Amino acid sequence: MKKQLTKNQLRRLPDYLNLLKNLRNSGIKYISCQTIADCLNLNKEQVRKDVALISSIDGIPNKGRDINLLIKDLEKILGYDSTHNAVLVGVGSLGKALLNYNGFTAYGLKIVGAFDKNQDLVGTSINGITIYDIRRLYGTLSSLNANIAIICTPASSAQEVSNELIDCGIEAIWNFAPIKLDTKRDVIISNMNMATSLAVLSHQLYLKKNKKKES
């Protein structure tokens, strides 16, 4: 990668990858930035800059880039070309839904274990994934060889759980708890704020409705 990508660029890359895989399956071998922009309703110059940053090859005039090589470049940049083991903490409704989702492997993520304090769940499994006692986190986590944790606990316990996971050697946290985790240590944290996402969606719907009233 020639330089660090912005958050907005990183948000677009999975869309590029899905599009390219679909086009490859339909028999297309070369792809242009114009085609990507048209298919995703994006600005061509924006796509050109994104592709130039991640592509290891130059495009062929009037032909575009080799779609297979561009897919490999995208998978490498996004980390999909290698598998990361992850554990999930908090096997409530959301946690169970994530454990039952089989699509994570396509993105280089494998959930190898889950933790909860509910003794009725401890020792059982969901989708082949064993649920362990959260009180035995320190002794169990090292054997699972995981460097990513997914937090689905209530907000009241999320920060404490995060601290414990970091103490156990977790390097990255995907946080679904309704609280922004705070740490000064060298750990990557991605806070999934559903309230913010819903607010953006609702506001866009509000603007759409008002636009119709004005027209």
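Points to keep in mind about this one:
- Taken over the stretch 31-43, the residue count meeting the criterion of being surrounded by fewer than 16 Cβ atoms within 10 Å (Cβ to Cβ) and more than 17 Å from LEU70 (Cα to Cα) is 3.
- Residue match in the stretch 136-148 (condition: open to solvent by 80 Å² or more (accessible area, probe 1.4 Å) and within 22 Å of ASN100 (Cβ to Cβ)): no
- Cβ-Cβ under 6 Å pairs, at least 6 apart or on other chains, the stretch 71-100 side closer than 16 Å to ILE170 by Cβ, far side in a loop (DSSP other than H, G, I, E, B) and open to solvent by 50 Å² or more (accessible area, probe 1.4 Å): ASN85/ASN145
- Single match in ALA158, ALA177 (criterion: assigned to a loop (DSSP other than H, G, I, E, B) and at pLDDT 90 or above): ALA177
- Helices (runs of 4 or more DSSP H) wholly inside the stretch 1-111 that include at least 1 residues being of a type in the set (Val, Ile, Thr): 33-40, 44-54, 67-78
- For the stretch 182-192, the count of residues that are modelled with pLDDT of 90 or more and open to solvent by 90 Å² or more (accessible area, probe 1.4 Å) is zero.
The values are calculated or read from the model by the stated rules, or taken from the named source; none is laboratory data. Values in this document were obtained by computation on a predicted structure and should not be read as measured data. Heads up, the Cβs are rebuilt from the backbone with ideal geometry, glycines too, and the neighbour counts pull from every protein chain shown. For the accessible areas, the whole protein counts, side chains as well, though only heavy atoms, and no ligand, DNA or RNA atoms are used. Shrake-Rupley method; radii C 1.70, N 1.55, O 1.52, S 1.80 Å.
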